[in-house]
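Asks: Questions regarding the structure given below will be posed in turn.
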Amino acid sequence: MTRIPRVIERTIEGPLHAGRVLSGTGGVWQVRTDTGEVHDSSLRGRLKLVSDSGVKLSVGDNVKLLEGERGAGWMITEIVPRTSQLARREPGGRAGERVVVANLDQVVVVFAAANPEPHPRMLDRFLVIAEANSLASRVVINKSELVTEESARARFADYEAAGYPVHFTSVKKHTGLDVLHVALDGKTSALSGPSGVGKSSLMNSLYPGLNLRVGEISESVNKGRHTTVGAVMHPLPGGGYVADTPGLREVGVWGLNPVDLPDCFPEFRPFIHECRFGNCSHLSEPGCAVIAAVKSGTVSAARYDSYSRLRVELEETEKRWSK
């Protein structure tokens, strides 16, 4: 028996249905209704004109759907205002921002304890993008069976000290999965991180009903190609969604003023306003409370190094685009 999507209002043209965008390719968007059906949908003509003014449909958007007459297909007639979004710099060094996923509750950054070797500076970049978008983050260190628990916790202690929830998981040993399951259920999460860290295997272990191909997430990155592969949202059996965000392989921030970067490092916040100078860059000024906290060991020297590099990069980017 076919279920009928829930009607949220009626118009002259017919009933409108609530839906959420799961993915989109070639102008066709897969939209899931409140009752679970997925319909291939296109943007209504006048909505395309609206998108030119800056409101562009993205994966994760809540929309209103209208079923066309005589098998004309489904049309997206309205984009519901977003509660949040994960946006990043356009790839390839181009100017502008790209919304990766809309209406998120949190960003989940997955790295491996080993194989591939984790690169903390890349992890810092993922977290800065989330902070710049005012999104909560949690860190997942997968393949934890490849190293000792002590070494894994020591290596990522800086992130726990900064206030991030850190999960150590192993699909092979089935450890850490129950706690992570609770953290994901009922929420909309963006799953980020480099390829090869076991994101698909991890999600299949958490939610066997997803049946993701192992390697599906990393393969969708399309390394070395110019084609852009957008995010894909997967409904979770217990409620909520997880979005694969392959577009974050090239990690860049657009529109983040260098002076706002210190706020993207949570462990800096208690010290930012204690500096001698109000416009302190926290790079070399005398009387800098952040630098003093680094020297005392209160703030991680490695995290501070990431901040310094990102600060210089943002300032150089700002100068380049201002020209």
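Read the figures in this text as sums done on the coordinates, not as results from a lab. The shown structure was predicted, so the numbers you read here are calculated from the model rather than taken from an experiment.
Asks: Let a ≥ b ≥ c be the square roots of the eigenvalues of the Cα gyration tensor of the stretch 258-322; is it rounded (a/c under 1.5), or, if not, prolate (a/b larger than b/c) or oblate?
Replies: In terms of gyration-tensor shape, prolate.
Asks: Residue by residue through the stretch 285-290, which ³J(HN,Hα) values in whole Hz follow from phi under the Karplus form 6.51 cos²θ - 1.76 cosθ + 1.60 (θ = phi - 60°), with glycine and proline marked x?
Replies: Couplings: 5, x, x, 7, 6, 5 Hz.
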